[in-house]
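The values are calculated or read from the model by the stated rules, or taken from the named source; none is laboratory data. A quick note: this is a predicted structure, and the numbers were derived from the prediction, not measured. Cβ atoms come from the backbone with ideal geometry, glycine included; neighbour counts cover every protein chain shown. Calculation scope for accessible area: heavy atoms of the full protein, side chains included, ligands and nucleic acids excluded. Shrake-Rupley method; radii C 1.70, N 1.55, O 1.52, S 1.80 Å.
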Amino acid sequence: FSSQVWKIIQDKARTYWSVLTWDNLIEWTSHRFQTTKTTSNIIGALIIAATTYHIWQERNKRTFLNHATQASIVGDEIFQQIREHLMNCNRICVTNEIRTTWNFNGSSLANH
């Protein structure tokens, strides 16, 4: 399930990382995203945080509520949550690539 969700998010966000163990992912993330606040780092950190959170929430639903959601639905929810955050974030430079990837076309965001 987790691998499916990560793949969905990476495909939708057009970003690709190696498959890492949890410990390696945490170590890589802490080094990769701590140094600069570039738009790509902000987006990358959001992807890591939101995906991890939603996978954990799904794990809890499955464990404690005996309820499972399809990976595609969880992936869509994560993508939408990140998209909404980015649309309301004034710390990012919105390029045409970001507009296309995150479906900002027609929004009121300023071009950079």
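Keeping to region 24-35, report how many residues are open to solvent by 60 Å² or more (accessible area, probe 1.4 Å) and not in a helix (DSSP H, G or I).
2
Could you check region 72-92 and list, in sequence order, the residues that are at pLDDT below 90 and not β-branched (Val, Ile, Thr)?
Residues satisfying the conditions are Met87, Asn88, Cys89, Asn90, Arg91.
Can you tell me which residue among Thr35, Thr29, Thr95, Thr69 is modelled with pLDDT of 90 or more and among the β-branched types (Val, Ile, Thr)?
Thr69
Do we have any residue at all in region 84-95 that's in a helix (DSSP H, G or I), open to solvent by less than 30 Å² (accessible area, probe 1.4 Å) and out of contact with any strand residue (DSSP E or B) (no Cβ under 9 Å at 6 or more places or on another chain)?
The answer is yes, given that some residue of region 84-95 is in a helix (DSSP H, G or I), open to solvent by less than 30 Å² (accessible area, probe 1.4 Å) and out of contact with any strand residue (DSSP E or B) (no Cβ under 9 Å at 6 or more places or on another chain).
Please go through region 1-15 and pick out each residue that is closer than 16 Å to Ile92 by Cβ and either part of a loop (DSSP other than H, G, I, E, B) or open to solvent by 80 Å² or more (accessible area, probe 1.4 Å) (or both).
Arg14, Thr15
Could you tell me whether region 16-23 includes any residue that is more than 17 Å from Thr101 (Cα to Cα), without any contact (Cβ under 8 Å) to a residue 24 or more places away in the chain and part of a helix (DSSP H, G or I)?
yes
Name the single residue, out of those in region 1-26 being modelled with pLDDT of 85 or more and among the small types (Gly, Ala, Ser), that is nearest to the chain's Cα centre (by Cα).
Only one residue fits best here, namely Ala13.
Tell me which residues, restricted to region 40-54, are open to solvent by less than 30 Å² (accessible area, probe 1.4 Å) and under 19 Å from Arg91 (Cβ atoms).
Asn41, Ile42, Ile43, Gly44, Ile47, Ile48, Ala50 - these are the residues of region 40-54 that are open to solvent by less than 30 Å² (accessible area, probe 1.4 Å) and under 19 Å from Arg91 (Cβ atoms).
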